[in-house]
Amino acid sequence: FIDFHTHYDAEVEVAPSLSESLRHGVTTVFLGSCSLSLAVGSPDELADMYCRVEALPDEVVRPLLRAAKTWEGHADYYRHLDALPLGPNVASFVGHSAIRANVMGIERSLERGVVPTAQELSRMRDLVGEGLDEGYVGLSIQTLPWDKMGGTEPYRSRPLPSTFARWSEYRALLQEVRARDRVFQGVPNVSTKVNALLFMLESVPLFDRKPL
């Protein structure tokens, strides 16, 4: 069995056997879902993005990440995972919220109407391409505003950075995914049918464009 949507990103640091999955016959798990990833970013910003979404205690995850995060970048993170005594095989998506906050800064990444500069978008594309070239299975984005930032003010209760992106930003990053025949994982905004239509239009082949 392949479990292609988990949020084991923090748990794998303290219980890398992931034995609850093994007991159910799972042989491979995917991290980096819903635009969240621990590959890039500071421990505190990652804790702010991760804890509330996953209903994990901040007082446990924040010091864990501060102590454990010795890596920076997708290649370094995979080397770190490879050094753990893993139970199942572990793969990961590139998380859009993580790279957006890392490149734009947490404040600008959470401001409605703020778009990345050309240089920032180019850097995000580079990070996506770097991850895919290292063997990450694809890109995960988040458009559902119900998942909220944790931590303290002024960012607490804002949606995740990925939800503030325009579709033009998603499309630019997905060019890297298409070029490598990888996977597009996205969380639709279920409060609007238009959003689901945009996911469909972005995924189907048009003219000479590859499907996702």
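Mind checking which residues of segment 34-58 are open to solvent by less than 40 Å² (accessible area, probe 1.4 Å), touching a residue at least 60 places away in the same chain (Cβ under 8 Å) and in a helix (DSSP H, G or I)?
The initial filter retains those residues of segment 34-58 that are open to solvent by less than 40 Å² (accessible area, probe 1.4 Å), namely 34-41, 43, 46-51, 53.
Still in the list and also touching a residue at least 60 places away in the same chain (Cβ under 8 Å): 34-41, 47-51, 53.
Within segment 34-58, C34, S35, A47, D48, M49, Y50, C51, V53 qualify.
Is it the case that some residue within segment 79-94 is assigned to a loop (DSSP other than H, G, I, E, B), open to solvent by less than 30 Å² (accessible area, probe 1.4 Å) and either aromatic (F, W, Y) or farther than 13 Å from G135 by Cβ (or both)?
First, the residues of segment 79-94 that are assigned to a loop (DSSP other than H, G, I, E, B): 83-88, 93.
If we keep only those that are open to solvent by less than 30 Å² (accessible area, probe 1.4 Å) too, we end up with 88, 93.
From what is left, the residues that are either aromatic (F, W, Y) or farther than 13 Å from G135 by Cβ (or both) are 88, 93.
Within segment 79-94 (the criterion being assigned to a loop (DSSP other than H, G, I, E, B), open to solvent by less than 30 Å² (accessible area, probe 1.4 Å) and either aromatic (F, W, Y) or farther than 13 Å from G135 by Cβ (or both)), the answer is yes, since at least one residue qualifies.
Name the pairs: first residue in segment 60-79 and of a type in the set (A, V, I, L, M, F, W, C), second residue part of a loop (DSSP other than H, G, I, E, B) and open to solvent by 20 Å² or more (accessible area, probe 1.4 Å), Cβ to Cβ under 7 Å, at least 6 apart or on different chains?
Taking only residues 6 or more apart or on different chains, the pairs are A75/E134.
Consider segment 2-23. How many of its residues are assigned to a loop (DSSP other than H, G, I, E, B), within 11 Å of P88 (Cα to Cα) and of a type outside the set (S, T, Y)?
3
If you take just the helices (runs of 4 or more DSSP H) that sit entirely in segment 106-212, which of them hold at least 3 residues that are open to solvent by 40 Å² or more (accessible area, probe 1.4 Å) and of a type in the set (A, V, I, L, M, F, W, C)?
Output list reads 193-203.
Quick check, is R100 among the basic types (K, R), open to solvent by 20 Å² or more (accessible area, probe 1.4 Å) and over 14 Å from E11 (Cα atoms)? Walk me through it before giving the result.
Numbers: among the basic types (K, R): yes; open to solvent by 20 Å² or more (accessible area, probe 1.4 Å): no; over 14 Å from E11 (Cα atoms): yes.
No.
Hey, can you tell me all the residues within segment 59-74 that are under 13 Å from S37 (Cα atoms) and either assigned to a helix (DSSP H, G or I) or open to solvent by less than 20 Å² (accessible area, probe 1.4 Å) (or both)? Show your work before the answer.
Of all residues in segment 59-74, those under 13 Å from S37 (Cα atoms) come to 65, 69, 71-74.
Once the filter is applied, which keeps residues that are under 13 Å from S37 (Cα atoms) and either assigned to a helix (DSSP H, G or I) or open to solvent by less than 20 Å² (accessible area, probe 1.4 Å) (or both), segment 59-74 yields L65, W71, G73, H74.
With D3, D9 as the choices, which residue is at pLDDT 95 or above, over 28 Å from V103 (Cβ atoms), surrounded by 15 or more Cβ atoms within 10 Å (Cβ to Cβ) and not aliphatic (A, V, I, L, M)? Before the answer, list the steps.
On the way: D9 fails: over 28 Å from V103 (Cβ atoms).
Selected residue: D3, the only one of D3, D9 that is at pLDDT 95 or above, over 28 Å from V103 (Cβ atoms), surrounded by 15 or more Cβ atoms within 10 Å (Cβ to Cβ) and not aliphatic (A, V, I, L, M).
List the residue pairs whose Cβ atoms are under 6 Å apart, where the first residue sits in segment 113-124 and is more than 15 Å from Q175 (Cβ to Cβ), the second is open to solvent by 40 Å² or more (accessible area, probe 1.4 Å) and part of a helix (DSSP H, G or I), and the two are 6 or more positions apart or on different chains.
Partner pairs satisfying both residue conditions: V114/R108.
Modelled with pLDDT of 95 or more, aliphatic (A, V, I, L, M) and open to solvent by 30 Å² or more (accessible area, probe 1.4 Å): which single residue out of L31, L22 fits that description? Outline the logic, then answer.
Numbers: L31 fails: open to solvent by 30 Å² or more (accessible area, probe 1.4 Å).
Sole residue among the options that is modelled with pLDDT of 95 or more, aliphatic (A, V, I, L, M) and open to solvent by 30 Å² or more (accessible area, probe 1.4 Å): L22.
Which count do you get for residues in segment 13-30 that are touching a strand residue (DSSP E or B) at 6+ places or on another chain (Cβ under 7 Å) and within 21 Å of Y50 (Cα to Cα)?
Here is the first cut: in segment 13-30, the residues touching a strand residue (DSSP E or B) at 6+ places or on another chain (Cβ under 7 Å) are 18, 21, 26-30.
Those still in the list that are within 21 Å of Y50 (Cα to Cα) too: 18, 21, 29-30.
Final tally of qualifying residues: 4.
With respect to A75, determine if the residue is touching an Asp or Glu at 6+ places or on another chain (Cβ under 6 Å) and within 30 Å of D181 (Cβ to Cβ).
Numbers: touching an Asp or Glu at 6+ places or on another chain (Cβ under 6 Å): yes; within 30 Å of D181 (Cβ to Cβ): yes.
Taking the combined requirement at face value, the residue satisfies it.
For a quick check of your reading of the model, give me the residue pairs whose first member lies in segment 141-153 and is in contact (Cβ under 8 Å) with a residue 12 or more places away in the chain, whose second is open to solvent by less than 20 Å² (accessible area, probe 1.4 Å) and hydrophobic (A, V, I, L, M, F, W, C), with beta-carbon atoms closer than 6 Å and at least 6 apart or on different chains.
Note: pairs meeting the criteria are Q142/C34; Q142/L160; D147/L160; G150/C51.
The values are calculated or read from the model by the stated rules, or taken from the named source; none is laboratory data. It should be emphasised that the depicted structure is a prediction, and the values quoted were computed from it without experimental measurement. Ideal geometry is used to build each Cβ from the backbone, glycine not excepted, and the neighbour counts take in all protein chains shown. To get the accessible areas, we keep the full protein, side chains included, count just its heavy atoms, and leave off ligands, DNA and RNA. Shrake-Rupley method; radii C 1.70, N 1.55, O 1.52, S 1.80 Å.
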